[in-house]
1. Of the residues that sit in region B:64-122 and are under 14 Å from the mean Cα position of the chain (by Cα), buried (at least 18 other Cβ atoms within 10 Å of the Cβ) and hydroxyl-bearing (Ser, Thr, Tyr), which one is nearest to B:Ala35 (Cα to Cα)?
2. Which condition number in (1) touching a residue at least 40 places away in the same chain (Cβ under 8 Å); (2) not in a strand (DSSP E or B) is the one that A:Lys172 fails?
3. Under 6 Å between Cβ atoms, at least 6 apart or on separate chains: pull out the pairs that start in region A:146-158 with a residue that is basic (Lys, Arg) and end on any residue that is crowded, with 19+ Cβ neighbours inside 10 Å.
4. Which of the residues that make up region A:63-120 are assigned to a loop (DSSP other than H, G, I, E, B), within 14 Å of another protein chain (Cβ to nearest Cβ) and at pLDDT 80 or above?
5. What number goes with the only condition from (1) under 30 Å from A:Phe183 (Cβ atoms); (2) buried (at least 19 other Cβ atoms within 10 Å of the Cβ); (3) at pLDDT below 90 that A:Tyr306 does not pass?
6. Regarding B:Thr62, is this residue more than 25 Å from A:Asp154 (Cα to Cα), away from chain A (no Cβ under 14 Å) and in contact with an Asp or Glu (Cβ under 8 Å, 6 or more places away or on another chain)?
7. Check region B:82-103 and report whether any residue there is within 14 Å of another protein chain (Cβ to nearest Cβ) and either of a type in the set (Phe, Trp, Tyr) or under 20 Å from B:Trp132 (Cα atoms) (or both).
Amino acid sequence: MASLKGWVVAGLLGCLALALAYLPPRGATSSGSPFFVGQSPSGTPARQRAQALAEEWRNADAAVRLLEDRPRVKGDSLRASPAIVFRGATLSSNSVRDVETVMDSVWRALGLGETKVRVTLAIELQRPYTSVDAPTPLQDRVAYLAPDSTHRTDCIAYLPAGPYWTSFILGKRDAMQDGLGRFAQWLQAGLGPCAFYAAYGNPGRPVQSWLAARNWDLGLYLGSHGIAGERFSSLTILGDPRFPWFWDGVYSFPPATVACLAGRPSGCRAAVLAGAAEERMIPIPNVVLAERRWWRAQHLLPGERYLGDIARTVGRDRFLAFWTSGEPVDTALAAALKRPVGEWTADWERGFVQPIRLGPAAPLEGVVMALTIAVFAIVLVAGTASRRQIR
Amino acid sequence: MKIILVLFAVVGMPRLLVGQRWERQVEERVQRTIAAVGSSRGLPVVRRSGMLNTDEAASFQTTLEERTSYAIVAVCDDDCSRLQLTLLSPSGSDIAKERNSESLPTLRFTAATSAVYGIRVVMEGCRWNPCWYAVAVIPLGKGAPSR
């Protein structure tokens with residue numbers, strides 16, 4: 001009987017080890033059709049190749065448009081806030097003035113005045129595109145021409161307006177409730193890295209290389225509110241466990257990002273410093289293309305406002321010391337924060353989301369099923385063993 | 001009356017019309033320095049200006065006349081904390097380097113022979129990139145060749 005107990009204990013320990021190894025993290029449930037896996041079934045290799053070429057063409061086209069805009073904006077130095085260039089349609093002077101007025105208020109709200117780096121906003125108004133020789137130009141991504149060693153004081157943001165904001169700018173659509181406020185938010189979000197260049201100038205080489213390596217995901221938004229409204233941020237899309245796609249989203253992030261969501265300082269440090277070790281050459285022209293779904297490519301949630309929040313927390317002088325530092329990023333950032341990067345970031349993360357619990361956990365129905373099978377197996381084994389005993 | 005209003009509007013317009021604040025700052029600073037040092041009559045003052053990020057350098061060449069003393073002065077804007085100024089021989093080697101005067105490095109040099117010399121500026125410290133700088137090569141007059 002003693003040996004039977006040993007077998008039972010060994011069996012249970014084996015089950016426990018298997019459960020620890022294979023069970024998904026706590027609370028993970030599948031939403032059926034995964035939200036973060038491709039939007040449509042993948043096409044044929046030829047179609048994929050054509051789409052990749054079209055994507056390359058769009059990126060190159062956006063870069064060329066930005067380079068074309070650079071000489072056009074040289075002469076406009078009357079306004080401290082960004083010069084605005086419209087492409088795709090000719091606007092009435094009233095429409096231009098309206099947009100400039102909103103931009104001026106956005107600029108003041110960001111605490112900016114005359115800046116060392118001049119920002120230009122190139123707004124691409126949507127128009128019917130009929131050419132069959134080339135793909136449709138970039139219409140759903142923002143692109144930036146950041147300053148480089150040949151143009152140290154110019155930053156241009158290329159902002160496709162899409163159908164809604166095009167008709168709004170052209171005056172064909174009335175401002176709905178809070179329409180102007182949302183338009184201001186759209187303009188503010190469109191400034192992207194250019195807002196950082198304007199506020200803090202050109203970053204030092206380590207910071208520039210670090211941000212280039214991660215495509216500026218930590219410096220997409222200088223404002224203090226959410227990127228598309230008072231509270232809306234990438235965290236709203238992905239960080240709320242009530243949404244059915246929450247766990248799909250969690251699984252799509254790198255391990256460090258998930259560890260940071262769980263409140264672990266080591267994970268937060270790794271998520272922040274991803275790319276900091278790379279020695280990246282800054283290209284000329286220095287074109288930054290925002291990811292199409294930038295909230296998917298983040299290493300930190302809500303990363304788009306991370307540097308803006310640091311700047312507001314530590315103050316201008318300490319942030320400038322970090323921004324222009326020649327020290328490695330982790331050293332410079334820790335000096336500005338006056339705390340280890342991981343600890344500060346974990347606290348910052350907790351301000352947005354309740355830390356998720358990591359580690360294996362079984363769903364209730366799974367536990368009941370497993371226990372039933374285990375009890376059945378034990379009873380079966382015990383019954384068989386008792387019959388084979390010699391009395 | 002309209003003309004007066006327009007004039008007031010133009011006068012009250014932001015000074016952005018005449019260039020950026022930092023450019024003007026450096027321009028005024030270099031003019032004051034030239035006036036303070038005092039240049040020799042008949043010989044032109046060579047000036048160069050531009051902007052640099054931290055740790056970036058810029059160079060230019062200028063002809064220095066034999067047995068003429070020169071003051072080579074560099075100034076920079078308020079955000080610049082340290083500027084290095086180097087005089088280079090026609091072959092490209094360092095003749096003199098000034099890096100101790102923070103944002104107002106000055107070199108004095110008398111050319112032994114007329115030749116094309118190089119001048120290099122390194123922005124060693126800039127709090128808010130880029131920082132504007134200006135260099136002036138001010139002839140002080142004929143003198144004995146010395147360094």
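The values are calculated or read from the model by the stated rules, or taken from the named source; none is laboratory data. These figures come from a predicted structure and were not determined experimentally. Reconstructed Cβ throughout: ideal geometry from the backbone, glycine too, with neighbour counts over all protein chains shown.
1. Restricting to residues being under 14 Å from the mean Cα position of the chain (by Cα), buried (at least 18 other Cβ atoms within 10 Å of the Cβ) and hydroxyl-bearing (Ser, Thr, Tyr), the top hit is B:Tyr70.
2. Condition not satisfied by A:Lys172: (1).
3. A:Arg152/B:Met51; A:Arg152/B:Pro130
4. Within region A:63-120, A:Ser81, A:Pro82, A:Leu112, A:Gly113, A:Glu114, A:Thr115, A:Lys116, A:Val117 qualify.
5. Among (1) under 30 Å from A:Phe183 (Cβ atoms); (2) buried (at least 19 other Cβ atoms within 10 Å of the Cβ); (3) at pLDDT below 90, the lone unmet condition for A:Tyr306 is (3).
6. On the way: more than 25 Å from A:Asp154 (Cα to Cα): yes; away from chain A (no Cβ under 14 Å): yes; in contact with an Asp or Glu (Cβ under 8 Å, 6 or more places away or on another chain): no.
So B:Thr62 does not fit the description; no.
7. First pass over region B:82-103, keeping only residues within 14 Å of another protein chain (Cβ to nearest Cβ): B:82.
Narrowing the set further to residues that are either of a type in the set (Phe, Trp, Tyr) or under 20 Å from B:Trp132 (Cα atoms) (or both) leaves B:82.
For region B:82-103, residues within 14 Å of another protein chain (Cβ to nearest Cβ) and either of a type in the set (Phe, Trp, Tyr) or under 20 Å from B:Trp132 (Cα atoms) (or both): present.
Matching residues to (1) in contact (Cβ under 8 Å) with a residue 24 or more places away in the chain; (2) within 28 Å of A:Arg70 (Cβ to Cβ); (3) of a type in the set (D, E, K, R):
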site	(1), (2), (3)
A:Ala274	yes, no, no
A:Ile284	yes, yes, no
A:Val287	yes, yes, no
A:Gly308	yes, yes, no
A:Arg312	yes, no, yes
A:Gly315	no, no, no
A:Arg318	no, no, yes
